[in-house]
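Down below is the structure, laid out as C-alpha cells.
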Amino acid sequence: MTTTFTNARLIDPEAGTDEIGSLTIEDGLIIGVNAGEAGEIIDCGGKCLAPGIVDIGVKIGEPGERHKESFRSAGLAAAAGGVTTMVIRPDTTPSVDTPETLAFVARRASQAAPVNVHSMAALTKGREGREMVEMGFMLDAGAIAFTDCDHVVTDNKVYSRAMTYARSLGALIIGHPQDPVFSKGAAVTSGKFASLRGLPAVSPMAERMGLERDLALVEMTGVAYHADSLSTARALPALERAKAAGLDVTAGVNIHHLTLNELDVGDYRTFFKVKPPLRSEDDRLAMANAVASGLIDIISSMHTPQDEESKRLPFEEAASGAVALETLLPASMRLIHAGLVDLPTLWRALSLNPARRFGLPGGELAQGTPADLVLFDPDAPFVLDRFKLNSKSKNTPFDGARMEGRVLGTWVGGERVFGGDDA
C-alpha cells in the first residue's frame, strides 16, 4: 500500500534540512521525497515528520524482572514516544551472555513489541569481569554490541583481551566510563549541594579517569568503542583528543544529563537518582554544546525501569535509573526551545548516528530506507502524568513537569503503531 505524507515539516538529519515537503512510502520503504501525491494521503498540517528515534541502552525486565518492564509494555512506550528501534541492554537476570538467552530475548521481542528490537550482549560471563563471553557465537545469534553496562571491568588484562578479540571480529564494545572504586556507594555528584544534603558523593573526575583508561585500551587494541553515557565537561577533552587521533570512538549522553542538574534532587527525590548522578548546570550546558558541535554523537533515554519498592527508600539506598522511552522526545524539545540545538542536529544524535554506529537501517529520509517515522508537534504543551505512561514502572523525574512536544503518530516499516487514523 502506498501512503503520502503531505504538508509535512521534513526533518532530514543527513542533509541537515528542516523544510516543508511531502514523503511517499510503499511496502515498508520510503520511495520518494517531494515526488507528488500517491495512494493514501495523510495531511501533516505543517507538523514535523522525522526518522523514528533509535534508542540505545534500553533496559527490559525480561528475563528476571518482568514486573518492572516487559517487551510489550516497553514496546508500547517506545511507540508512544516516537522510538521505532530499541537497542536493549544485557543487564537482565540472568545476563544475556549465552546464545540461548539471546534467542529467548529475540523471540519475546518479536512476539510482543510493536517496534524494532535489537540486543546487545554481555562482554563477560555474568557481567562479572572475569571471563569474556563467546563473542563469535553471540554475533552469530544476533548480538550487535557487547557491554557489561554499569559493571565496569576492573581487570585491564581481561578488558584488553576482550577488546582485542572484539577487534578481530569487527565487534563494537560499549563502555560505561567510571572509576568503579572511586565512585562506589556514591549517590550524587560531590560539591556544596551534596555536602549540605549529607549524601555520599563522587567527583566528576571518576568519569574522566574511567574514560582515559578505556581510551588507552582502545588505542592499544584498535577496537570500535562507544562511551555510553558521558555527563561531565571534564571528560570531553579526552574524547576530543581520541577522535582527533583517529581512534574508532563515539560517545553518548542520556537525556537526563542534558535537561536536569544536581539541584533537581531537591529534598532527596529518588526519581532523580540516576547513574551517573546528575551533574552541575555547567556540566549540563557543556554536554548540550558537545551535542551541538558533534563531539557527542548520540542521545539516548537510558531507560531503566524500577518499581515503587526500589525507589521509595532513603536516597542513598534507592535504586538508580528512570523510565524515559516516552519522555525522550518531549524532554529533547527543551534543548530546541532553549536554542541549544536545531532539529536536524538533534535528530542526528537521536536517530541517524545511533543507526550508523550500530549498523542498523533507519535514521534517514532517503529513498529505499525503511519507513520508520515519527510525526510530532514540537510546541504542543502538556503536563506529564507518570501514571499515564505505558511503562510498567513509573519512575520518571518529569512527573508533574510542564513539557512541550507531543508525538502524533509513529510508523514502523510503514505500519502505524501509534496515533489515530488522522494526523
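The values are calculated or read from the model by the stated rules, or taken from the named source; none is laboratory data. Keep in mind that this is a model prediction, so the values were computed, not measured. With ideal geometry, Cβ positions are generated from the backbone for all residues, glycine too; neighbour counts draw on all protein chains shown. In case anyone asks, the SASA skips ligands and DNA or RNA and just uses the protein heavy atoms, side chains included. Shrake-Rupley method; radii C 1.70, N 1.55, O 1.52, S 1.80 Å.
Just to be sure I understand: with springs between alpha-carbon atoms less than 10 Å apart, which residue in Ser195, Ser320, Ser280 has the highest mean-square fluctuation in the Gaussian network model of the chain? Per the Cα network of the chain with a 10 Å cutoff, Ser195 tops the list.
Label separation (Asp155 vs Ser110): 3.5 nm, computed from points 7 Å beyond Cα along the C-beta direction. The trypsin sites (Lys or Arg not before Pro) of region 123-170 that DSSP puts in a loop, and whose beta carbon has at most 14 other beta carbons within 10 Å, are Arg130.
Residues of region 269-289 falling in the label zone of Arg197, defined by backbone nitrogen less than 15 Å from a point 7 Å along Cα to beta-carbon, are 269-281. Within the listed set Ala38, Ala162, Ala187, the residue fluctuating most in the Gaussian network model of the chain (springs between alpha-carbon atoms under 10 angstrom) is Ala38.
Determine the share of the chain's accessible area contributed by carbon and sulfur atoms, expressed in whole percent, with a 1.4 angstrom probe. Carbon with sulfur: 49 percent of the solvent-accessible area.
Spatial offset of region 148-200 relative to region 353-375 amounts to 30 Å, using the alpha carbon center of each.
Based on every Cα atom in region 81-162, Rg and the maximum pairwise Cα distance Dmax equal 13.1, 41 Å.
Does region 198-324 come out rounded, prolate or oblate by the C-alpha gyration tensor, with a ≥ b ≥ c the root eigenvalues, rounded set by a/c under 1.5 and, if not, prolate when a/b is larger than b/c and oblate if not? Prolate.
Summary value for the chain: 21 percent relative contact order, contacts being C-alpha pairs under 8 angstrom separated by 6+ residues. Within straight-line reach of Lys68, meaning a Cα separation under 29 Å, sit the following lysines at least 8 residues removed in sequence or on another chain: Lys59, Lys125, Lys184, Lys273, Lys275, Lys311, Lys388, Lys392, Lys394. Comparing Asn390, Asn261, Asn34 in a Gaussian network model of the chain (Cα springs below 10 Å), the most mobile by mean-square fluctuation is Asn34.
The residues neighbouring Thr304, those whose beta-carbon lies less than 10 Å from its own, together hold a net charge of +1 under the Lys/Arg +1, Asp/Glu -1 convention. Projected label points at Leu29 and Asp379, each 7 Å from Cα along the beta carbon direction, are separated by 3.7 nanometres. Screening the chain for whole DSSP H helices of 15 Å or more along their axis (Cα) with average Kyte-Doolittle hydropathy at least -1.0 returns 99-112, 156-169, 205-221, 281-293. By DSSP, the beta bridges lying fully in the chain are antiparallel in about 50 percent of cases. What label, among [x] 178; [y] 145; [z] 126, belongs to volume of the Cα convex hull per residue in Å³ computed from the structure on display? It is the value labelled [z]. Placing +1 on each Lys and Arg Cβ and -1 on each Asp and Glu Cβ, with no other charges, gives the chain a dipole about its Cα centre of roughly 1120 debye. With R₀ fixed at 30 Å, the C-beta to C-beta distance from Arg402 to Glu316 puts the FRET efficiency at about 0.50. If every alpha-carbon in region 300-423 counts as one equal scatterer, what log10 I(q)/I(0) does Debye give at q = 0.09 1/Å? Here log10 of I(q) over I(0) equals -0.31.
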